[in-house]
There are 2 protein chains.
Amino acid sequence: MRRSARLAAMAKILVDRPNRIVSLSEFVDRFGAAKSTVSEDLAIIRDVFAKEGLGRIETITGAAGGVRYVPHPSRETIAAVAEELCRELSSPDRILPGGFLYISDLVSSPSLMSRVGEIFAAQFHGKAPDAVVTLETRGIPVALMTARALDVPLAIVRRTSRATEGTVVTTNYVSGSARRIETMSLSRRALSPGMNVVIVDDFMKAGGTARGLVDLVAEFGAAVAGIGVLVETAEPRQKLVREYLSLAVLEGVDVERRTVRVRPSRWVTERV
Amino acid sequence: MRRSARLAAMAKILVDRPNRIVSLSEFVDRFGAAKSTVSEDLAIIRDVFAKEGLGRIETITGAAGGVRYVPHPSRETIAAVAEELCRELSSPDRILPGGFLYISDLVSSPSLMSRVGEIFAAQFHGKAPDAVVTLETRGIPVALMTARALDVPLAIVRRTSRATEGTVVTTNYVSGSARRIETMSLSRRALSPGMNVVIVDDFMKAGGTARGLVDLVAEFGAAVAGIGVLVETAEPRQKLVREYLSLAVLEGVDVERRTVRVRPSRWVTERV
């Protein structure tokens, strides 16, 4: 096989499953190439990915070693994704009675959520998370894409406990939007003590849901490595969780004038 | 840039977003290569992907033309995924009180659901679906991955209608597991008349949920191009929907003897 063809195939295999370690011998066996040749191939892929902003190819040494593709969106990509999100959110067609915004199409868009998942994954990658946790329903797509980019399992917290979840841990939390006490449950089997988890959700107002998820994760003896939300509201300024990342800040919805004020979050704009 | 490096980058760009059409001029501009050179590059990628069972590179002619990567799992891959699913499902540790099986970890596994999503997408690709529809909660990961592989939006049907969904269409359906009347709602904005949709869910017993989704889709003036479920039960044999694909058939759970009988579905085994 020609080197050029082999490189296309190797790039495909690596990109198919972000963060999974592929051993050099897997490539050696599959393509019948010498180990030194495969190493050279990987150096070429690593260099072109870096040069083109297509992500990182990392080498892991040791017995379980090999190479892996790590999504690493550039500053420009992060800014572009945040701006696309803001542009979409600011459409007056999204305004619903009561000042709500229709965002179900955005939060379940596979292509947009893939890119956001890669952004969150790249931010939390250094903390070596073992799992992503989210609350059903609208947070699931972005949480799943973050978990995919990290190659870790996703644990979905339910609003009601179901027979199919087995033994569950249930906690109460204050829902920010409705300001009432609600319940969330997670299967005992979903997390283990000592795990390091990332919490991902679509929307944060007061942060009551995120706070509830932090407390629930603590009940499992697991630690929170980070929190990522797609959109936060500007008010209240004081959230119930301290450290979190958001991509967009919703400053206000004017139902009368049919305007939506939304901007990329400071974390995004300060980076660029 | 060397051809080998360019091919790795082009493969990455194509694989990153399945089914999205990339114009030749996008590659020409990005890599500063002649159009004839890019065409040759794409031919090399197409050939090696075909030879290695890594998916299809399709050329679309015309003004909006270009190339796209279409996931196309081989028969062996489909059989391997179905067998992995059955092996996982047959673990006695999954047995819960009442004969339920704990499958939440499987249905939300990013790597397993990515592969299942590609299998469903490849099966329904020929019918040119415009959207994937699922019912919250456990069907979302596999439905999202199917939508990602098809590059179409995902519409999530809710069990309760919420203010953030705007005007909704609500229908009743007979839940197979509980044999009671339940309600499902989908935002008016989620689907348009004339759309061709694929229904994807994690589990089918009598098919009541799938039947409800078919009826709901019809209320939008949309057509059903296909139904895919991860696991179906062997009983009842007669389902409430006629045509559907499943990967695994659950034949029985013996709580006393702690055994789970599950096999790949006939559609999978007959192909191999």
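Annotations
- Above-threshold pairs, the threshold being 25 Å between Cα atoms, out of B:K12/B:K51; B:K12/B:K35; A:K35/B:K35: A:K35/B:K35
- Length added when fully stretched, A:N172-A:K35, from 0.36 nm per residue minus Cα-Cα: 43.8 nm
- What separates the A:E84 label point from its copies, with the point 7 Å along Cα to Cβ, is 2.8 nm, written shortest first.
- Ignoring lysines fewer than eight residues from B:K239 along the same chain, the ones with Cα atoms less than 18 angstrom from its Cα are B:K205.
- Taking chain A and dividing mean pair separation by its residue count, relative contact order in percent (alpha carbons under 8 Å, at least six apart): 16 percent
- Candidates per GluC sites (Glu not before Pro) in the stretch A:178-272, loop by DSSP, up to 11 other Cβ within 10 Å: A:E243, A:E256
- One Cα centroid belongs to the stretch A:194-272, the other to the stretch A:93-116; the line between them spans 15 Å.
- Among the trypsin sites (Lys or Arg not before Pro) within the stretch B:215-254, those in coil by DSSP and having at most 12 neighbouring Cβ atoms inside 10 Å are B:R237, B:R242.
- Net charge over other residues, Cβ less than 15 angstrom from the Cβ of B:P236 (K, R count +1; D, E count -1): +3
- Teacher prompt: B:E219 distances to equivalent labels in other copies, 7 Å Cα→Cβ, nm: 3.4
- Shape call, the protein assembly as shown: gyration tensor on alpha carbons, a/c limit 1.5: rounded
- Rounded if a/c under 1.5, otherwise prolate or oblate - the stretch A:228-272, Cα gyration tensor axes: oblate
- Full-extension gain in nm, B:S185 to B:E26, via 0.36 nm per residue minus C-alpha separation: 53.1 nm
- Here A:G126 yields copy-to-copy label distances, from shortest upward, of 5.1 nm, the label point defined as 7 Å from Cα along Cα to C-beta.
- Gyration tensor (alpha-carbon) shape descriptor, the stretch A:3-70, a/c threshold 1.5: oblate
Computed from the coordinates by the stated procedures, all read-outs in this text should not be read as laboratory data. Since the model is a prediction, treat every value here as computed from it, not as a measurement. Neighbour counts run over all protein chains shown; Cβ positions are idealised from the backbone, glycine included.
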